[in-house]
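A short worksheet on the structure shown next.
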Amino acid sequence: MSKIEIRNFNLYYTSLHVLKNINVNILERKITAIIGPSGCGKSSLLRSINRMNDTIEGVHVSGEINIFGKNIYDIGIDVRILRKNVGMVFQRPNLFPISIYENVAFGLKINRIHSKKNAINEVVEKSLKSVSLWDHVKDKLHKSALSLTLEQQQRLCIARVVAVASNIILLDEPCSSLDPIATQKIEELIIYLSDQYTIVIVTHNMQQAARVSHNTAFMLLGELIEFDKTEKIFTNPSMNETEDYVSGRFG
Amino acid sequence: MIKLSPKLSQKLSYLFLFLATILAIIPGVLIISIIIAKGWSVFFTLKFLTSMPTSGMLKGGILPAIIGTFLLVIISIFFVLPIGVGAAIYLNEYSKNNLFTKIIKLAIINLAGVPSIVYGLFGLGIFVIYLKLGVSIIAGALTLSMMELPVVITTAYGALNSVPLSFREASLSLGVSRWKTIVHIVLPNAIPGILTGAVLSTARIAGETAPLLFTAVAFYTPHLPHSIRDQVMILPYHLYITATQIPNMEENRIFATALALLIIVLSMNFIAIIARIYFRKNRKW
Ligand SMILES: Nc1ncnc2c1ncn2[C@@H]1O[C@H](COP(=O)(O)OP(=O)(O)OP(=O)(O)O)[C@@H](O)[C@H]1O
Ligand SMILES: [Mg+2]
């Protein structure tokens with residue numbers, strides 16, 4: 001069952017044609033990796049799935065992205081609801097300079113998902129538990145979020161997304177600012193979360209894609225070259241470009 | 001031409017730069033020390049600051065002028081902050097980068113260069129005469145706020161602009177609307193910069209006479225203002241008339257008035273600088 005269907009999707013930065021006729025089905029509760037050399041359009045594609053590209057001046061798109069059968073580029077789509085359902089984690093942890101608690105509660109309070117303090121406390125605790133951060137921070141919830149290590153900050157970013165009850169999580173090179181041990185821990189978390197969430201992860205790191213993902217999309221110069229089971233992409237790809245890339249011949 | 005050894009020319013240029021610096025600060029130091037020297041004796045008979053002028057301003061204090069200056073400046077802030085911050089939010093968060101925006105930005109920069117007497121005449125035309133506010137505190141405060149506007153917009157724009165894009169992205173990606181992102185994330189992080197800018201622009205206009213000459217100022221008032229429709233005395237103008245228009249004025253009283261004005265302006269600058277240092281140190285991004 002596919003949750004995100006991308007159909008004939010094109011994206012332009014003013015006149016620069018960055019995504020060229022992308023077609024792909026992203027499966028529910030699976031981890032899909034997007035790989036490809038720098039500048040091939042991975043982030044642009046990812047940011048199309050929650051319409052974060054709308055915030056950049058001069059961006060226009062054509063084609064469809066259907067999430068649960070609804071084209072998110074239709075007129076009348078409430079972008080706020082879309083972005084709440086399709087959470088995003090960025091390359092560098094981008095917490096607000098407020099407390100750990102307030103970071104997780106922010107989306108809940110502002111979006112009025114909950115208004116009672118008890119309900120908010122409960123969701124904050126649950127979200128922090130689901131990213132295995134609760135035990136570490138439960139005694140310092142009101143300390144600044146920026147006092148945490150980078151790995152913990154990235155976990156907290158994920159908790160913030162989990163808290164607003166997203167069911168899709170997009171991650172754009174979430175480990176690129178982390179050391180190998182922290183990277184491994186975040187990878188474990190991503191795998192754990194895939195029980196409940198549909199996850200799309202952009203990565204530069206092919207080992208990472210191989211380790212965590214079920215399916216892999218390989219992109220080159222704005223085109224989706226190949227999309228298949230991860231083992232297939234890394235052991236026996238159908239396209240020569242994919243073969244060249246995963247065997248490290250360029251990129 | 002005589003050839004100097006590199007070492008000597010190095011020393012000479014150092015000496016020149018040092019002298020230039022000294023020369024630059026001498027007037028400031030002189031002004032402040034002369035004002036303090038001549039003014040402090042009267043200034044510290046504290047009654048001078050807290051009483052009404054008497055005997056045709058030859059005696060008594062400068063209370064109404066101090067109050068007038070404060071009233072004008074504080075009321076002007078109430079007008080200039082919402083409008084200035086609103087404009088800055090529009091320019092920084094909403095406006096597209098097109099010709100219209102460029103023209104607006106250019107206009108704002110140029111407004112800051114309009115001579116203050118022109119603002120005074122404009123205030124006379126618009127607020128005093130056309131809006132029938134009369135020569136009054138409210139007309140003067142409105143005129144001052146027009147003068148402050150370019151500086152407040154520019155500093156608020158800078159403060160908003162320095163809030164990292166990643167904060168906005170984080171908030172938007174959680175499904176928070178653009179407006180709520182501005183209110184809950186961008187503004188709180190920009191407020192220190194906005195307030196510092198507002199205080200600095202206030203300090204700059206607290207010593208202005210020209211914009212108030214036709215819009216707010218009274219030569220002499222026998223009592224403190226009762227409403228914002230009253231005229232007021234203000235420090236810089238009081239200083240001017242006591243120095244030039246009143247015969248037999250005791251010189252130390254003039255300097256004491258100058259000292260009061262100086263202290264108000266400098267302490268506002270000082271507050272702004274301290275606030276800026278404090279917020280910089282406590283800023284975590
Ligand atoms: N805001 C923008 N304005 C104009 N062009 C952009 C913008 N963002 C990206 N591009 C261009 O779009 C193309 C794809 O960029 P994108 O960031 O999607 O690539 P990427 O695969 O994520 O690269 P990386 O691996 O370096 O993150 C690049 O050529 C880039 O220069
Ligand atoms: Mg990228």
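Every number here is computed from the coordinates shown, using simple stated rules; none is lab data. Bear in mind that the values here come from a model prediction, so they are computed numbers and not experimental data. Every residue, glycine among them, receives a Cβ derived from its backbone with ideal geometry; neighbour counts consider all protein chains shown.
Per-residue answers, yes or no, for (1) touching a residue at least 12 places away in the same chain (Cβ under 8 Å); (2) in contact with a strand residue (DSSP E or B) (Cβ under 6 Å, 6 or more places away or on another chain):
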{"residue": "A:S15", "(1), (2)": "no, no"}
{"residue": "A:N21", "(1), (2)": "yes, yes"}
{"residue": "A:I34", "(1), (2)": "yes, yes"}
{"residue": "A:S38", "(1), (2)": "yes, no"}
{"residue": "A:D78", "(1), (2)": "no, no"}
{"residue": "A:N85", "(1), (2)": "yes, no"}
{"residue": "A:F90", "(1), (2)": "yes, yes"}
{"residue": "A:I100", "(1), (2)": "yes, no"}
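State the number of residues belonging to segment B:57-77 that are of a type in the set (V, I, T) and farther than 21 Å from B:T45 by Cβ. Outline the logic, then answer.
Taking segment B:57-77 and keeping what is of a type in the set (V, I, T), we get B:62, B:66-67, B:69, B:73-75, B:77.
Checking the rest, the ones that are also farther than 21 Å from B:T45 by Cβ come to B:73-75, B:77.
Matching residues across segment B:57-77 total 4.
Are any of the residues in segment A:55-72 touching a residue at least 24 places away in the same chain (Cβ under 8 Å), more than 16 Å from ligand 2 (Cβ to nearest atom) and among the aromatic types (F, W, Y)?
Within segment A:55-72, one or more residues are touching a residue at least 24 places away in the same chain (Cβ under 8 Å), more than 16 Å from ligand 2 (Cβ to nearest atom) and among the aromatic types (F, W, Y).
For segment B:263-278, enumerate the residues that are exposed (fewer than 13 other Cβ atoms within 10 Å of the Cβ) and either under 27 Å from B:F167 (Cβ atoms) or of a type in the set (K, R) (or both).
B:I274, B:I277, B:Y278
Checking A:N118 against (1) part of a helix (DSSP H, G or I); (2) more than 10 Å from chain B (Cβ to nearest Cβ); (3) touching a helix residue (DSSP H, G or I) at 6+ places or on another chain (Cβ under 9 Å): exactly one of these is not met. Which one?
All conditions are met except number (3).
Go through segment B:131-176 and count every residue that is part of a helix (DSSP H, G or I) and within 14 Å of chain A (Cβ to nearest Cβ). Walk me through it before giving the result.
Within segment B:131-176, the first condition is being part of a helix (DSSP H, G or I), and the residues that meet it are B:137-161, B:165-173.
Those still in the list that are within 14 Å of chain A (Cβ to nearest Cβ) too: B:165-173.
Residues meeting the conditions: 9.
Applying the selection to segment B:41-53, what residues are farther than 13 Å from B:T221 by Cβ and not aliphatic (A, V, I, L, M)?
The first filter runs over segment B:41-53 and keeps only residues farther than 13 Å from B:T221 by Cβ, leaving B:41-51.
Those that are farther than 13 Å from B:T221 by Cβ and not aliphatic (A, V, I, L, M): B:S41, B:F43, B:F44, B:T45, B:K47, B:F48, B:T50, B:S51.
In this structure, does B:P225 turn out to be touching a strand residue (DSSP E or B) at 6+ places or on another chain (Cβ under 6 Å) and outside any helix (DSSP H, G or I)? Talk me through it step by step, then tell me what you get.
Numbers: touching a strand residue (DSSP E or B) at 6+ places or on another chain (Cβ under 6 Å): yes; outside any helix (DSSP H, G or I): yes.
So B:P225 passes the test.
Test each condition in (1) surrounded by fewer than 15 Cβ atoms within 10 Å (Cβ to Cβ); (2) outside any helix (DSSP H, G or I) for A:I81 and report the one that comes out false.
Unmet for A:I81, out of (1) surrounded by fewer than 15 Cβ atoms within 10 Å (Cβ to Cβ); (2) outside any helix (DSSP H, G or I): (2).
May I ask you to say which residue of B:T54, B:T21 is under 31 Å from the mean Cα position of the chain (by Cα) and closer than 29 Å to B:H238 by Cα? Outline the logic, then answer.
Values: B:T21 fails: closer than 29 Å to B:H238 by Cα.
Criteria check complete, one pass: B:T54.
Kindly establish whether A:L95 is in a helix (DSSP H, G or I) and more than 16 Å from ligand 1 (Cβ to nearest atom).
Numbers: in a helix (DSSP H, G or I): no; more than 16 Å from ligand 1 (Cβ to nearest atom): yes.
Considered against the rule, which asks whether it is in a helix (DSSP H, G or I) and more than 16 Å from ligand 1 (Cβ to nearest atom), A:L95 comes out as no.
If a residue has to be in contact with a helix residue (DSSP H, G or I) (Cβ under 6 Å, 6 or more places away or on another chain) and either among the hydroxyl-bearing types (S, T, Y) or within 14 Å of chain B (Cβ to nearest Cβ) (or both) to count, how many in segment A:125-142 make the cut?
Final tally of qualifying residues: 2.
Mind checking whether some residue in segment A:53-74 is within 11 Å of chain B (Cβ to nearest Cβ), surrounded by 16 or more Cβ atoms within 10 Å (Cβ to Cβ) and at positive phi?
No - not one qualifying residue is present in segment A:53-74.
Looking at (1) under 30 Å from A:Q152 (Cβ atoms); (2) away from chain B (no Cβ under 13 Å), can you tell me which one A:P93 breaks?
Only one criterion is unmet by A:P93, namely (2).
For the list (1) more than 14 Å from chain A (Cβ to nearest Cβ); (2) surrounded by fewer than 14 Cβ atoms within 10 Å (Cβ to Cβ); (3) part of a helix (DSSP H, G or I), I need the number of the one condition that B:K281 fails.
Result: B:K281 passes all but (1).
Which fully enclosed helices (runs of 4 or more DSSP H) of segment B:47-128 have 2 or more residues being more than 30 Å from B:A258 (Cβ to Cβ)?
Details: elements: B:47-50, B:63-89, B:99-111, B:116-123.
Correct list: B:63-89, B:99-111.
Only one of these is within 16 Å of ligand 2 (Cβ to nearest atom), farther than 12 Å from A:K42 by Cβ and either surrounded by 23 or more Cβ atoms within 10 Å (Cβ to Cβ) or away from every other protein chain (no Cβ under 14 Å) (or both): A:Q184, A:Q196, A:Q208. Name it. Working first, answer last.
Working: A:Q184 fails: within 16 Å of ligand 2 (Cβ to nearest atom); A:Q196 fails: within 16 Å of ligand 2 (Cβ to nearest atom).
The match here is A:Q208.
Hey, does segment A:186-199 have a residue that's over 18 Å from the mean Cα position of the chain (by Cα) and closer than 25 Å to A:N10 by Cβ? Give the derivation first.
To start, the set of residues in segment A:186-199 that are over 18 Å from the mean Cα position of the chain (by Cα) comprises none.
Taking every residue of segment A:186-199 in turn, none turns out to be over 18 Å from the mean Cα position of the chain (by Cα) and closer than 25 Å to A:N10 by Cβ.
Please identify the pairs in which a residue from segment A:167-178 that is within 13 Å of another protein chain (Cβ to nearest Cβ) and within 10 Å of A:F90 (Cβ to Cβ) has its Cβ atom under 7 Å from the Cβ atom of a residue that is part of a loop (DSSP other than H, G, I, E, B) and more than 13 Å from ligand 1 (Cβ to nearest atom), counting only partners at least 6 apart or on another chain.
If the second residue must be part of a loop (DSSP other than H, G, I, E, B) and more than 13 Å from ligand 1 (Cβ to nearest atom), the pairs left are A:L170/A:N50.
Against the conditions (1) touching a helix residue (DSSP H, G or I) at 6+ places or on another chain (Cβ under 8 Å); (2) more than 14 Å from every other protein chain (Cβ to nearest Cβ); (3) of a type in the set (S, T, Y), where does B:Y90 fall short? Just the number, please.
With respect to (1) touching a helix residue (DSSP H, G or I) at 6+ places or on another chain (Cβ under 8 Å); (2) more than 14 Å from every other protein chain (Cβ to nearest Cβ); (3) of a type in the set (S, T, Y), B:Y90 is out only on (1).
Do you know which of the residues in segment A:20-55 that are of a type in the set (A, V, I, L, M, F, W, C) and under 12 Å from the mean Cα position of the chain (by Cα) is farthest from ligand 1 (Cβ to nearest atom)?
Pass one, segment A:20-55, residues of a type in the set (A, V, I, L, M, F, W, C): A:22, A:24, A:26-27, A:31, A:33-35, A:40, A:45-46, A:49, A:52.
This time we only want the ones that are under 12 Å from the mean Cα position of the chain (by Cα), so: A:31, A:33-34, A:45-46, A:49, A:52.
Values: A:I31: 18, A:A33: 13, A:I34: 8, A:L45: 7, A:L46: 8, A:I49: 12, A:M52: 11 Å.
Ranking the qualifying residues of segment A:20-55, first place goes to A:I31.
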